[in-house]
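Notes for the one structure printed next.
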Amino acid sequence: MKCFRFSQRESKEDSSKRRKSTWWPSFSGSFGQDSRKSGSEIRSNPPSDMSAASPSLLPAVCLQPNNLRIFNLSELKAATRNFNVGNFLGEGGFGCVYKGWLRKNNSEEDVTVEVAVKLLNARGHQGHKEWLSEVKCLGLANHPNLVKLVGYCVEDDDRGLQMLLVYEFMPNRSLEAHLFGKGLPVLHWQSRLEIALGAAQGLAYLHEELEFQIIYRDFKTSNILLDKDFKPKLSDFGLARQGPDAGASHVTTAVVGTMGYAAPEYVQTGQLTSKSDVWSFGVVLLELLTGRKAVNLNLPKNEQWLLDWVKPHLTDSRKIQKILDPRLSGNYSLQAAQKVASLASHCLLKTAKSRPKMSDVVDKLKLVVGMPDCQLQAESSETLETEVAVPKDGTLNPKQRYLMFKEELKLKMREDGHVDWRKPSKSTLVKTW
């Protein structure tokens, strides 16, 4: 699901004008600060003259605390086989992403590393301002749960100014692909918890561990990439913004984001805080629990919006099983699921100030992830009954056949979204909305 700009009763003509003029002033401003220039000032520096401005841009972004490499366009064309369609990985608001192979920097041996190369689409909804935001953000930040920016390229060719970003390659694609895509194995319960914890740690780092706060502003499953060990890393920082200055309660910005993930107070007022990211994290927690998208217009009308569909279930711990992903086939801890649902409820509180900080979310998820492995199956007071030992010759006595049928019935009921006869442990959940 691509990000877009929210608007309230805005005409197409006004929207077009605003998109054409929003990116240019950002080159002379600091990271994450929206421009206050007038329209006449914006028009005095048209995008077509970008090539003349590029030399002054490079010193601004070339802070290099993370040793960013500056690539030549020819080098990246060779790495991606001239952006061959066979190397195409995906497309977003920024542009297209291609897989490439680069020679390892300062290596005497002929060693190549896999990278992802993002090529700016000058006609896309995101553009130069987002490119600059991403370079500055990932150029300064360094955390295991943030995708690593290897370097960038700004160079003219016969098609005009080309702007590219080079990242570490994430072989297991995105969380969105594994939750909602086809042809991939179902993410098991423990993996979902660990992905949620890693993503939370990445957000907590941006909010609380840097010298200045960064608000991610576009937290969603498609922006959570997975490495070879399924470790999550946040990507796509084009919409990231610097948090409010000391003494300020919020930052006022143009409202952008992705349908189904943006916090309601931000959509209504344009006032951005770190608690806007907390709301988005709560939505992703529900996606991990249910296996459903935040918005799916292919479902019946009363189930198209995830938050509306889960609302009657989150306030009653006995109904949690009705919303859990049936593809888990009961292989989860009901107690842990209740705790995660409760945490999602806190993140989705209507009043932004009442939502937890991401560091508090991390602490609670660590407790859930640290639960004994023996609890990571559906709890049952009849554990001994459900463990049916099948003889080597394959024959079952009447009691074993009964227990086997009983277990199959329970699995079928879970897949259909029905609660079985076992009573779940009670848990206090927070009512939202």
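The values are calculated or read from the model by the stated rules, or taken from the named source; none is laboratory data. The model shown is predicted, which means the values in this text are computed figures rather than measured ones. Positions of Cβ are generated from backbone atoms using ideal geometry, with glycine treated the same way; all protein chains shown enter the neighbour counts.
Below are the figures for this structure:
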item	result
Enumeration of residues in the stretch 276-330 that are of a type in the set (S, T, Y) and part of a helix (DSSP H, G or I)	S276, S280, T290, S317
From the options G202, G181, residue that is within 26 Å of S249 (Cβ to Cβ) and not hydrophobic (A, V, I, L, M, F, W, C)	G202
Pairs with Cβ under 6 Å, 6+ apart, first in the stretch 258-272 and crowded, with 17+ Cβ neighbours inside 10 Å, second aromatic (F, W, Y)	A263/W279; L272/Y266
Selection status of S249, over 25 Å from L365 (Cα atoms) and either touching a Cys at 6+ places or on another chain (Cβ under 6 Å) or not assigned by TED's automatic domain parsing to the domain that holds E130 (or both)	yes
Close pairs (6 angstrom Cβ cut-off, 6 or more residues apart or separate chains): acidic (D, E) in the stretch 233-256, crowded, with 19+ Cβ neighbours inside 10 Å and modelled with pLDDT of 90 or more anywhere	D236/N223
Which numbered condition F230 fails, given (1) at pLDDT 95 or above; (2) of a type in the set (A, V, I, L, M, F, W, C); (3) surrounded by 18 or more Cβ atoms within 10 Å (Cβ to Cβ)	(3)
Single unsatisfied condition, E134 versus (1) touching a helix residue (DSSP H, G or I) at 6+ places or on another chain (Cβ under 9 Å); (2) closer than 28 Å to G243 by Cβ; (3) modelled with pLDDT of 75 or more	(1)
